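The values are calculated or read from the model by the stated rules, or taken from the named source; none is laboratory data. These numbers come from a predicted model, not from an experiment. Ideal geometry is used to build each Cβ from the backbone, glycine not excepted, and the neighbour counts take in all protein chains shown. Side chains are part of the model used for accessible areas, which takes the heavy atoms of the whole protein and leaves out ligands, DNA and RNA. Shrake-Rupley method; radii C 1.70, N 1.55, O 1.52, S 1.80 Å.
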Amino acid sequence: MTTLLWVVAVAMIAIGIVGTVLPALPGAVFVLGGIALAAWIDGFAEISGWTVGVVAVLTVLAFAADYVAAMLGAKRAGASPLAIAGAALGTVAGVFTGFVGLLFMPLVGAAVGEYLADRNLMRAGKVGVATWIGLLLGTAVKVALVFTMVGIFVAALLL
């Protein structure tokens, strides 16, 4: 039974790493769940409650980074609520259109949303790019935090 639980914990961490770049999956939450399960398996002997607590804080930061970076990019360009909604819809649509779609659909969604709100093609393009850059920066921060979480987990197991 313990082996099965470890397989589940490692699978959750792996799914979480993949979910860090896929907006359909809460990557950091899966990583936290896998680490918490691993800590519970051995009675918090190797992976302490403090370690799980630190990873939980990093999870909250990773979750917030996504939204804060996108909002800062959008706010900096003066995006309308339709542009922000368009970026969110573009991100979801990107999941179903492969890696290139995942990369560029938020930009298209934000630009279309801004165009619908303002009917200014040049402004829509600027808002789309600014929102897209914010999303990319948020994803980069989230990836860095998730790999930090995994690093803390591995260090706790080895030390």
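One line per residue, one yes/no per condition, for (1) on the phi < 0 side of the Ramachandran plot; (2) touching a residue at least 24 places away in the same chain (Cβ under 8 Å); (3) part of a helix (DSSP H, G or I); (4) more than 23 Å from the chain's Cα centre (by Cα):
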{"position": "PHE99", "(1), (2), (3), (4)": "yes, no, yes, no"}
{"position": "PRO106", "(1), (2), (3), (4)": "yes, yes, yes, no"}
{"position": "ALA110", "(1), (2), (3), (4)": "yes, yes, yes, no"}
{"position": "GLU114", "(1), (2), (3), (4)": "yes, yes, yes, yes"}
{"position": "ALA117", "(1), (2), (3), (4)": "yes, yes, yes, yes"}
{"position": "VAL127", "(1), (2), (3), (4)": "yes, yes, yes, no"}
{"position": "ALA130", "(1), (2), (3), (4)": "yes, yes, yes, no"}
{"position": "LEU135", "(1), (2), (3), (4)": "yes, yes, yes, no"}
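Taking every residue in region 65-82 that is over 14 Å from LEU136 (Cβ atoms) and at pLDDT below 75 and pairing it with any residue that is charged (D, E, K, R) and open to solvent by 20 Å² or more (accessible area, probe 1.4 Å), at least 6 positions away or on another chain, yields no pair with a Cβ-Cβ distance below 7 Å. Kindly provide the set of residues from region 12-60 that are in a helix (DSSP H, G or I), of a type in the set (Gly, Ala, Ser), out of contact with any helix residue (DSSP H, G or I) (no Cβ under 7 Å at 6 or more places or on another chain) and farther than 30 Å from MET105 by Cβ, ordered by number. GLY49, GLY53, listed by residue number. The requirement of being over 30 Å from VAL154 (Cβ atoms), modelled with pLDDT of 90 or more and surrounded by fewer than 21 Cβ atoms within 10 Å (Cβ to Cβ) is satisfied by LEU116. The set of residues in region 43-89 that are open to solvent by 70 Å² or more (accessible area, probe 1.4 Å), of a type outside the set (A, V, I, L, M) and more than 16 Å from the chain's Cα centre (by Cα) comprises PHE44, GLU46, TRP50, LYS75, ARG76, PRO81. Count, please, the residues in region 137-148 that happen to be at pLDDT 90 or above and within 13 Å of the chain's Cα centre (by Cα). Residues in region 137-148 being at pLDDT 90 or above and within 13 Å of the chain's Cα centre (by Cα): 8 in total. A single member of LEU22, LEU4, LEU32 is open to solvent by less than 60 Å² (accessible area, probe 1.4 Å) and modelled with pLDDT of 95 or more, and it is LEU32.
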